[in-house]
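Novice: My questions all concern the structure below.
The values are calculated or read from the model by the stated rules, or taken from the named source; none is laboratory data. Note that the structure is a prediction, hence the values are computed from the model and not measured. Please note: Cβ atoms are built from the backbone with ideal geometry, for glycine as well, and neighbour counts cover all protein chains shown. Accessible surface is based on the protein model in full, side chains and every heavy atom, while ligands, DNA and RNA are left aside. Shrake-Rupley method; radii C 1.70, N 1.55, O 1.52, S 1.80 Å.
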Amino acid sequence: MIKAILIFNNHGKPRLSKFYEHYSEDTEQQIIRETFHLVSKRDENVCNFLEGGILIGGSDNKLIYRHYATLYFVFCVDSSESELGILDLIQVFVETLDKCFENVCELDLIFHVDKVHNILGEMVMGGMVLETNMNEIITQVDSQNKMEKSEYPVTAQGFIPRASCSKLAGLMLKEPLLSVSYVWPSVIPVTFEQLSSHIYIN
Amino acid sequence: MPAVSKGDGMRGLAVFISDIRNCKSKEAEIKRINKELANIRSKFKGDKALDGYSKKKYVCKLLFIFLLGHDIDFGHMEAVNLLSSNKYTEKQIGYLFISVLVNSNSELIRLINNAIKNDLSSRNPTFMCLALHCIANVGSREMAEAFAGEIPRILVAGDTMDSVKQSAALCLLRLYKTCPDLVLMGEWTSRVVHLLNDQHMGVVTAAISLITCLSQKNPDEFKTCVSLAVSRLSRIVSSASTDLQDYTYYFVPAPWLSCKLLRLLQCYPPPEDGAVKGRLVECLETILNKAQEPPKSKKVQHSNAKNAILFEAIALIIHYDSEPNLLVRACNQLGQFLQHRETNLRYLALESMCTLASSEFSHEAVKTHIETVINALKTERDVSVRQRAADLLYAMCDRSNAKQIVAEMLSYLETADYSIREEMVLKVAILAEKYAVDYSWYVDTILNLIRIAGDYVSEEVWYRVIQIVINRDDVQGYAAKTVFEALQAPACHENMVKVGGYILGEFGNLIAGDPRSSPLVQFNLLHSKFHLCSVPTRALLLSAYIKFINLFPETKSTIQEVLRCDSQIRNSDVELQQRAVEYLKLSSIASTDVLATVLEEMPPFPERESSILAKLKKKKGPGAVSVELEDGKREGGELNGGGERGDTPAMSASNASTPSPSADLLGLRPAPAVGSAPPSVGSLLVDVFSEGPAAATAGVNDDGFLSSAPPPAVSEEPAPPLPEAEDLLNKFVCKNNGVLFENQLLQIGIKSEYRQNLGRMYLFFGNKTSVQFVSFSTAVSCPGELPTQLNLQTKTVEPLIEGGAQVQQVVNIECLTDFIDAPLLNIKFRYGGALQNITLKLPVTINKFFQPTEMLSQEFFQRWKQLSQPQQEAQKIFKSGHGIDTEVVKAKLLGLGTALLENVDPNPENFVCAGVIQTKGQQVGCLLRLEPNAQAQMYRLTLRSSKDTVSKRICDLLAEQF
């Protein structure tokens, strides 16, 4: 069973958190921090699995994660799941996001967290996998979008959130998650570090 | 066309998010969020009715704020309102908010359940899916109660859409996991199995998770799934990479489903039907063959998916453990992966090989990879991988390679990550013991272990080395010499001092012939460490000193000098002081013969499973070390072989009596009892006295002839419970505090508190006389099945209660599942010379774990009707014992722990209560109705709960109260 799905960026800012077991809100935030701490200190090119933190159940659970550009996608699963299978699942999830958002980047997740939840909901339900076929998932999401359009034709007027962000901060966040090499180089460019010192990046 | 068009959505939301993102500091962000929260609050509270769109927008904002880590304490109601909107988008946001933010908030759940009910019956597949998602995500007991009957029907109905079927399958799985008692097996179960044959692969994907879970719990009922799974798997495996179209992932046909099918098969033994088995073996061979074929794509996703299936196939082969041919192939395949350049594959190969190592057929084959694994332990960059390597080394260890593996693990320990050191220490200790051929190697290894990683050496480890040294006389001299040398180091770990003190105290004489380790040298060496040690270690050293007096009479005056000095005899620690005083007295009063008897060499320990193993099991969970368990049986005892040597009287006393610290050391005695031994953790040597200092004192006081001391009180069997024990228990059903028992000598008071499935009880033992009670001991025990139902923990009490004094004891209680019997409390002490032996029932009854539940009339009767099966109800009609007084009855019912519900029963004379029994495993809802008949002075009591034993027990308990 999948216990939790977490997405956070290179700085540990959560972009999506979905828990399939009940924790208090406080614990959830702590789990996110603990997980970020465990995952972010690992080098690139080490393996994608590690034992879960104490809060999420210790060695009975595994964290299976992938790092795409600016984001970490972490699935916390118990021993009944295949590790490589979950890696594939993460890939399907990201590819689906990429299709739905057209070159998905961190900004899309920020401004459309509800949509991301919907897409995830078509794949995983109550901690179990519902569907792995990307086309099937996209068909479902598509039909939901059509319903949305028919219900709110007015709101579909040219407001493009992606353009509204600060250009400086946006440079990084617009990094497409799926590029030729899906692994972001472990060295963060110096310019970015300098930026973040005076611009508070969410 | 991109499925999400970026132009639409909610402008206000986007502006808000942009604002937050432009905040230059955390403070600014919090300020902006608080402003927004205030705005939303006022909008929600305002007079103007909000339209669906605004509600949706604000709920979305709240979600975003929640994600940033802020608590959201309002908006739930608005989200619930959105559920009943007939617009998809609004409904969907409402459900999303509830899935993310609502947990079993009982008031809302009722409203949510109503909305879900409407959507489920709407026949609109999108709405049905939303509702099912919500149930699966929240998965509370209330939801299970409301929908557990409905979902299976939706799942197997012929006209249900595929997407709804998928959701229904996983929804049912969730409910089954939270409340297995509410999901009743029925006609639908056989049809669920046939979903494995469904045309739609998505349905199969969802259904297989459900079937796997159900099969694990009810293997026999779902046996037919084996042949269906095999044929489905075979169709997938043999299909060309394009056959399954959308379910082909990077040229691999349906990898996820294949993995899940292979997992399902791991719930069962190999198929009995030859044809099915043949087909399966063919599949497994095909999968192994494919691993050798050149990849169809260079993408990592392709090899990932292929290997995911391969690893599951190997896991199944290992699970069957019956096809030597396949096992060897699996082992070779894993061997290849051990050296693969992909870290993930090396990790998984190490992990799978661990299980393979326990198979008879492949143990030898696994062993051939030892060099690679050792190399992995040394060179892998990733700690996760190194840890798997250490696990595998442990699993593949046997007599032939133990020395090499233990040496490698020891050297790895010096640089190992802190997080895994303790586990490594346990493993080294276990291997060293299990495969020790010569015990000097064993002693060296453990002492090395203490030297390298002293902080991580738990008590079990050093207890164990002492046990073994005591039981093997061929190693005692060597052990004494080695610890003596180890103690020479200027800085040595306290655990080393403990082992050293104990071993020299017992066997120092074996090396005393050498002038370099003469008795005084030994003593001075030990005493040079004394001041740096903690209290338990010092206590142990004091015991070693008194043993020295017996072993080496020439050290007597030096040691007496040490004992006599103020820092010992007036030590502020009562345990140390007592030891100093008693040892000093003992050494000056008792004759050499008496000393020799009292301070005799420790008798051998009885043979037991290593407590280290128990500790490792506790650390890793039962599954992880099952291999060692069997090994332990096979090989155990070689080390401890001397356990059958003639038991000395002291030995049988210390064994038959109390699980004193030394008995704990031996591990797995199923002893719920608390002992009478002094509560000093490190005081192993004291057990030589078997009944502890109290008896020693008594002996000295009598006539200075210790060995004639009366047989220890504690060797008596506990008395059977007093005849009035049941009545005493009944007094406490509706109250938590009071006097449990009283006679001329002793008064026992009780204070207790309970929270959910946990409780804490304070027992107060008062000595009503003016004479002290000696050898006072209490033992809490669980008769019959109770140990599996209740978990009780206590600490020992002081063995002495002065006249007029009171001692306190705490009992920690954990309710694992519902229970009927009460635990027993046995008290023993000596008053004058006479042994008092009393057994009572400890007033822990199932109702103590009640959590009151408030509910309205309608809900009460709805639930009452749901619990209508005959076995769920228990009823008693009985005569009132003390007349019918409404206030008294109310007080008792509240004392029972339930909520007393007003205005529920149409007859105001009747009492109606509701509560949930909280156990570790489950919650049992209980409803109660008490109908008094004033004329006849009779009551009728009816209990309904989801568990028959609970209804009956509470009915029985309560009927005694009126």
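Novice: Has the range B:374-387 got any residue that is within 24 Å of B:Asp321 (Cβ to Cβ), within 14 Å of chain A (Cβ to nearest Cβ) and open to solvent by 10 Å² or more (accessible area, probe 1.4 Å)?
Specialist: The initial filter retains those residues of the range B:374-387 that are within 24 Å of B:Asp321 (Cβ to Cβ), namely none.
No: the range B:374-387 contains no residue that is within 24 Å of B:Asp321 (Cβ to Cβ), within 14 Å of chain A (Cβ to nearest Cβ) and open to solvent by 10 Å² or more (accessible area, probe 1.4 Å).
Novice: If a residue has to be free of Cβ contacts under 8 Å to residues at least 60 places away in the same chain and open to solvent by less than 20 Å² (accessible area, probe 1.4 Å) to count, how many in the range B:413-434 make the cut?
Specialist: The total comes to 8.
Novice: Oh, and also: Would you confirm whether or not the range B:200-215 contains a residue that is in a loop (DSSP other than H, G, I, E, B) and either touching a residue at least 24 places away in the same chain (Cβ under 8 Å) or within 14 Å of chain A (Cβ to nearest Cβ) (or both)?
Specialist: Filtering the range B:200-215 for residues in a loop (DSSP other than H, G, I, E, B) gives B:200.
Those still in the list that are either touching a residue at least 24 places away in the same chain (Cβ under 8 Å) or within 14 Å of chain A (Cβ to nearest Cβ) (or both) too: B:200.
Yes, the range B:200-215 has at least one match.
Novice: Still on this model: Give me the strands (runs of 3 or more DSSP E) completely within the range B:748-844, filtered to those with at least 3 residues that are over 28 Å from B:Asp956 (Cα atoms), ordered by residue number.
Specialist: Working: elements: B:758-767, B:773-781, B:790-794, B:806-815, B:824-831, B:834-841.
Counting at least 3 such residues, we get B:758-767, B:773-781, B:806-815, B:824-831, B:834-841.
Novice: Which one of B:Val366, B:Val443, B:Val406, B:Val437 is over 26 Å from the mean Cα position of the chain (by Cα) and outside any helix (DSSP H, G or I)? Quick ask: steps written out before the conclusion?
Specialist: Working: B:Val366 fails: outside any helix (DSSP H, G or I); B:Val443 fails: outside any helix (DSSP H, G or I); B:Val406 fails: outside any helix (DSSP H, G or I).
When all the criteria are applied, what remains is B:Val437.
Novice: Restricting attention to the range B:316-339, does a residue exist that is within 10 Å of chain A (Cβ to nearest Cβ) and either in contact with a Cys (Cβ under 8 Å, 6 or more places away or on another chain) or not in a helix (DSSP H, G or I) (or both)?
Specialist: We begin by selecting, within the range B:316-339, every residue within 10 Å of chain A (Cβ to nearest Cβ); these are none.
Taking every residue of the range B:316-339 in turn, none turns out to be within 10 Å of chain A (Cβ to nearest Cβ) and either in contact with a Cys (Cβ under 8 Å, 6 or more places away or on another chain) or not in a helix (DSSP H, G or I) (or both).
Novice: Oh, and also: Name the single residue, out of those in the range B:61-81 being more than 12 Å from every other protein chain (Cβ to nearest Cβ) and crowded, with 17+ Cβ neighbours inside 10 Å, that is nearest to the chain's Cα centre (by Cα).
Specialist: So in the range B:61-81, the residues more than 12 Å from every other protein chain (Cβ to nearest Cβ) come out as B:74-81.
When the remaining residues are screened for being crowded, with 17+ Cβ neighbours inside 10 Å, the result is B:75-76, B:78-81.
Details: B:Gly75: 37, B:His76: 35, B:Glu78: 40, B:Ala79: 38, B:Val80: 37, B:Asn81: 41 Å.
Among residues in the range B:61-81 that are more than 12 Å from every other protein chain (Cβ to nearest Cβ) and crowded, with 17+ Cβ neighbours inside 10 Å, the one nearest to the chain's Cα centre (by Cα) is B:His76.
Novice: Provide a single number: the residues in the range B:15-53 that are in a helix (DSSP H, G or I), away from chain A (no Cβ under 14 Å) and either over 15 Å from B:Phe64 (Cα atoms) or out of contact with any helix residue (DSSP H, G or I) (no Cβ under 8 Å at 6 or more places or on another chain) (or both).
Specialist: Residues meeting the conditions: 9.
Novice: Next question, about the same structure. Restrict the check to the range B:103-110 and report whether at least one residue is within 11 Å of another protein chain (Cβ to nearest Cβ) and surrounded by fewer than 21 Cβ atoms within 10 Å (Cβ to Cβ).
Specialist: So the first thing to find is which residues in the range B:103-110 are within 11 Å of another protein chain (Cβ to nearest Cβ), and the list is B:103-104.
Among the residues that remain, those that are also surrounded by fewer than 21 Cβ atoms within 10 Å (Cβ to Cβ) are: B:103-104.
Yes, because at least one residue in the range B:103-110 is within 11 Å of another protein chain (Cβ to nearest Cβ) and surrounded by fewer than 21 Cβ atoms within 10 Å (Cβ to Cβ).
Novice: Next question. Counting only residues that are in contact with a Leu (Cβ under 9 Å, 6 or more places away or on another chain) and farther than 21 Å from A:His117 by Cβ, give me the strands (runs of 3 or more DSSP E) lying completely in the range A:1-58 with at least 3 of them. Full working, then the answer.
Specialist: Values: elements: A:2-9, A:14-19, A:49-51.
Because the criterion is at least 3 residues that are in contact with a Leu (Cβ under 9 Å, 6 or more places away or on another chain) and farther than 21 Å from A:His117 by Cβ, the strands (runs of 3 or more DSSP E) in the range A:1-58 that meet it are A:49-51.
Novice: I've got another one for you. Hey, among the residues in the range A:27-77 that are at positive phi and either modelled with pLDDT of 90 or more or open to solvent by 30 Å² or more (accessible area, probe 1.4 Å) (or both), which one's nearest to the other protein chains (Cβ to nearest Cβ)? Write out each step before concluding.
Specialist: Looking only at the range A:27-77, we keep the residues that are at positive phi, and these are A:45, A:57-58, A:69.
Still in the running and either modelled with pLDDT of 90 or more or open to solvent by 30 Å² or more (accessible area, probe 1.4 Å) (or both): A:45, A:57.
Values: A:Asn45: 7, A:Gly57: 11 Å.
The residue in question is A:Asn45.
Novice: Let me ask something else about it. For the range B:286-307, name all the residues that are under 18 Å from B:Ser238 (Cβ atoms), within 14 Å of another protein chain (Cβ to nearest Cβ) and among the hydrophobic types (A, V, I, L, M, F, W, C). Give the steps one after another, and end with the answer.
Specialist: Of the range B:286-307, the ones under 18 Å from B:Ser238 (Cβ atoms) are B:286-293, B:296, B:305-306.
Remaining after also requiring within 14 Å of another protein chain (Cβ to nearest Cβ): B:287, B:291, B:305-306.
Within the range B:286-307, B:Ile287, B:Ala291, B:Ala305 meet the criteria.
Novice: Working only within the range B:282-305, note down all residues that are surrounded by fewer than 18 Cβ atoms within 10 Å (Cβ to Cβ) and β-branched (Val, Ile, Thr).
Specialist: Residues satisfying the conditions are B:Thr286, B:Val300.
Novice: Being over 26 Å from B:Asn304 (Cα atoms) and assigned to a helix (DSSP H, G or I) is the filter here, so list the residues in the range B:343-363 that pass it.
Specialist: Pass one, the range B:343-363, residues over 26 Å from B:Asn304 (Cα atoms): B:358-361, B:363.
The one that is over 26 Å from B:Asn304 (Cα atoms) and assigned to a helix (DSSP H, G or I): B:His363.
Novice: Can you tell me how many residues in the range A:86-143 are part of a helix (DSSP H, G or I), facing chain B (nearest Cβ under 8 Å) and farther than 19 Å from B:Cys259 by Cβ?
Specialist: Step one: of the range A:86-143, the residues part of a helix (DSSP H, G or I) are A:86-101, A:106-111, A:113-123, A:134-143.
Among the residues that remain, those that are also facing chain B (nearest Cβ under 8 Å) are: A:87-89, A:91-92, A:99-101, A:108, A:110-111, A:113-115, A:117-118, A:121, A:134-136, A:138, A:140-143.
Still in the running and farther than 19 Å from B:Cys259 by Cβ: A:99-101, A:108, A:110-111, A:113-115, A:117-118, A:121, A:135, A:138, A:140-143.
Matching residues across the range A:86-143 total 18.
Novice: Considering each of B:Ser85, B:Ser5 in turn, give the residue that is at pLDDT 85 or above, within 11 Å of chain A (Cβ to nearest Cβ) and not in a helix (DSSP H, G or I).
Specialist: Answer to the check: B:Ser85.
Novice: Every residue in the range A:3-26 that is open to solvent by 10 Å² or more (accessible area, probe 1.4 Å), within 11 Å of A:Tyr72 (Cα to Cα) and more than 9 Å from every other protein chain (Cβ to nearest Cβ), please.
Specialist: Within the range A:3-26, A:Asn10, A:His11, A:Gly12 meet the criteria.
Novice: Within the range B:388-412, count every residue that is within 14 Å of another protein chain (Cβ to nearest Cβ) and open to solvent by less than 10 Å² (accessible area, probe 1.4 Å).
Specialist: So the first thing to find is which residues in the range B:388-412 are within 14 Å of another protein chain (Cβ to nearest Cβ), and the list is B:388-391.
With open to solvent by less than 10 Å² (accessible area, probe 1.4 Å) added as a condition, the list becomes B:389-390.
The qualifying residues number 2.
Novice: Taking the range B:866-899, which residues are under 28 Å from B:Asn113 (Cβ atoms), open to solvent by 30 Å² or more (accessible area, probe 1.4 Å) and at pLDDT 85 or above?
Specialist: B:Glu873
Novice: Checking B:Asn218 against (1) closer than 24 Å to A:Leu89 by Cβ; (2) touching a helix residue (DSSP H, G or I) at 6+ places or on another chain (Cβ under 9 Å); (3) more than 13 Å from chain A (Cβ to nearest Cβ), only one condition comes out false. Which one?
Specialist: (1)
Novice: Spot the failing condition for B:Lys55; the list is (1) modelled with pLDDT under 85; (2) open to solvent by less than 40 Å² (accessible area, probe 1.4 Å), and only one is missed.
Specialist: (2)
Novice: Return a yes/no flag: does the range B:123-143 have any residue that is open to solvent by 20 Å² or more (accessible area, probe 1.4 Å), over 26 Å from B:Lys35 (Cα atoms) and not in a helix (DSSP H, G or I).
Specialist: Within the range B:123-143, one or more residues are open to solvent by 20 Å² or more (accessible area, probe 1.4 Å), over 26 Å from B:Lys35 (Cα atoms) and not in a helix (DSSP H, G or I).
Novice: Suppose we keep only residues that are open to solvent by 10 Å² or more (accessible area, probe 1.4 Å) and touching a residue at least 60 places away in the same chain (Cβ under 8 Å) within the range A:82-107. Which one would you say is nearest to A:Cys47 (Cα to Cα)?
Specialist: Applying the filter and picking the extreme gives A:Glu95.
Novice: With the requirement that a residue be over 11 Å from B:Ala313 (Cβ atoms) and surrounded by 14 or more Cβ atoms within 10 Å (Cβ to Cβ), what does the range B:271-280 give you?
Specialist: First pass over the range B:271-280, keeping only residues over 11 Å from B:Ala313 (Cβ atoms): B:271-279.
Within the range B:271-280, B:Pro271, B:Val276, B:Lys277, B:Arg279 qualify.
Novice: Read through the list (1) open to solvent by less than 50 Å² (accessible area, probe 1.4 Å); (2) in contact (Cβ under 8 Å) with a residue 40 or more places away in the chain; (3) part of a helix (DSSP H, G or I); (4) not aromatic (Phe, Trp, Tyr), then give the number of the only condition that B:Cys492 fails.
Specialist: Unmet for B:Cys492, out of (1) open to solvent by less than 50 Å² (accessible area, probe 1.4 Å); (2) in contact (Cβ under 8 Å) with a residue 40 or more places away in the chain; (3) part of a helix (DSSP H, G or I); (4) not aromatic (Phe, Trp, Tyr): (3).
Novice: Would you kindly identify the helices (runs of 4 or more DSSP H) lying entirely within the range B:543-595 that contain at least 2 residues that are open to solvent by less than 10 Å² (accessible area, probe 1.4 Å)? Please lay out each step first, then the result.
Specialist: Details: elements: B:556-564, B:566-569, B:574-589.
The qualifying helices (runs of 4 or more DSSP H) are B:556-564, B:574-589.
Novice: On to the next question. Identify all residues within the range B:340-362 that are out of contact with any Cys (no Cβ under 9 Å at 6 or more places or on another chain) and basic (Lys, Arg); write none if there are none.
Specialist: Within the range B:340-362, B:Arg341 is the sole residue that qualifies.
Novice: Can you name the condition, by its number, that B:Thr482 falls short on among (1) farther than 23 Å from B:Pro604 by Cβ; (2) assigned to a helix (DSSP H, G or I)?
Specialist: Exception for B:Thr482: condition (1).
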